[in-house]
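Everything below concerns the one structure shown next.
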Amino acid sequence: MEIGISNHPLFNLNPLEFFKLAKKLEVNRVEIKLDDLRFKNFLLNKGKLNDFNFKLSFHLPVVDVNLGTPHKDLRRSFEKILLNSIFLAKKVNAEIVVCH
């Protein structure tokens with residue numbers, strides 16, 4: 001069985017605090033909601049990330065992202081945000097990427 005935890009905004013934890021909480025709770029998976037931009041730099045720092053041995057899942061940004069907008073320029077910006085998030089997920093070997 002896999003048990004995980006997500007970095008919900010109501011936790012109000014920085015990335016290191018969140019990963020320490022996940023370790024304390026002995027979960028084996030963390031879901032990173034990429035709306036919290038503080039996590040990007042943390043995830044790209046392999047040294048910090050390797051201190052924790054979690055399976056990673058990503059939830060693509062949803063705050064202020066609307067692919068259904070009729071405004072072409074905005075839609076392109078939103079697509080770029082999502083693509084950059086997918087590339088980040090691939091770079092850190094996330095096993096699951098969620099978008100809805």
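Could you list, ordered by first residue, the pairs with Cβ atoms under 8 Å in which the first is in segment 42-55 and more than 20 Å from GLU26 (Cα to Cα) and the second is of a type outside the set (Gly, Ala, Ser) and surrounded by fewer than 12 Cβ atoms within 10 Å (Cβ to Cβ), at least 6 apart or interchain?
Hits for this filter: LEU44/LYS91.
When only residues in segment 1-40 that are closer than 23 Å to LEU82 by Cβ and acidic (Asp, Glu) count, which is surrounded by the fewest Cβ atoms within 10 Å (Cβ to Cβ)? Let's see the steps before the verdict.
Step one: list which residues in segment 1-40 are closer than 23 Å to LEU82 by Cβ, which gives 4, 6-9, 15, 18, 29-40.
With acidic (Asp, Glu) added as a condition, the list becomes 31, 35-36.
Working: GLU31: 20, ASP35: 16, ASP36: 20.
Selected residue: ASP35.
Select from segment 62-100 the residues that are in contact with a helix residue (DSSP H, G or I) (Cβ under 6 Å, 6 or more places away or on another chain) and under 21 Å from PRO15 (Cα atoms) and write down the one among them that is modelled with the highest pLDDT. Spell out how you get there, then give the answer.
Here is the first cut: in segment 62-100, the ones in contact with a helix residue (DSSP H, G or I) (Cβ under 6 Å, 6 or more places away or on another chain) are 65, 67, 69, 92, 97.
If we keep only those that are under 21 Å from PRO15 (Cα atoms) too, we end up with 92, 97.
Details: VAL92: 90, VAL97: 95.
Ranking the candidates gives VAL97 first.
What is the number of the single condition among (1) part of a loop (DSSP other than H, G, I, E, B); (2) of a type outside the set (Ser, Thr, Tyr); (3) surrounded by 13 or more Cβ atoms within 10 Å (Cβ to Cβ); (4) modelled with pLDDT under 90 that LEU43 does not meet?
(1)
All but one of (1) touching a residue at least 40 places away in the same chain (Cβ under 8 Å); (2) in a loop (DSSP other than H, G, I, E, B) hold for VAL65, so report the exception by its number.
Every listed condition holds for VAL65 apart from (1).
Would a scan of segment 91-100 turn up a residue that is in a helix (DSSP H, G or I) and touching a residue at least 40 places away in the same chain (Cβ under 8 Å)?
Applying the first criterion (in a helix (DSSP H, G or I)) to segment 91-100 yields 91.
Right, trim to touching a residue at least 40 places away in the same chain (Cβ under 8 Å) and you get 91.
Yes.
The values are calculated or read from the model by the stated rules, or taken from the named source; none is laboratory data. On a predicted model such as this, the values are computed, not experimentally measured, just so you know. Note that we place each Cβ from the backbone using ideal geometry, even for glycine, and neighbour counts take in every protein chain shown.
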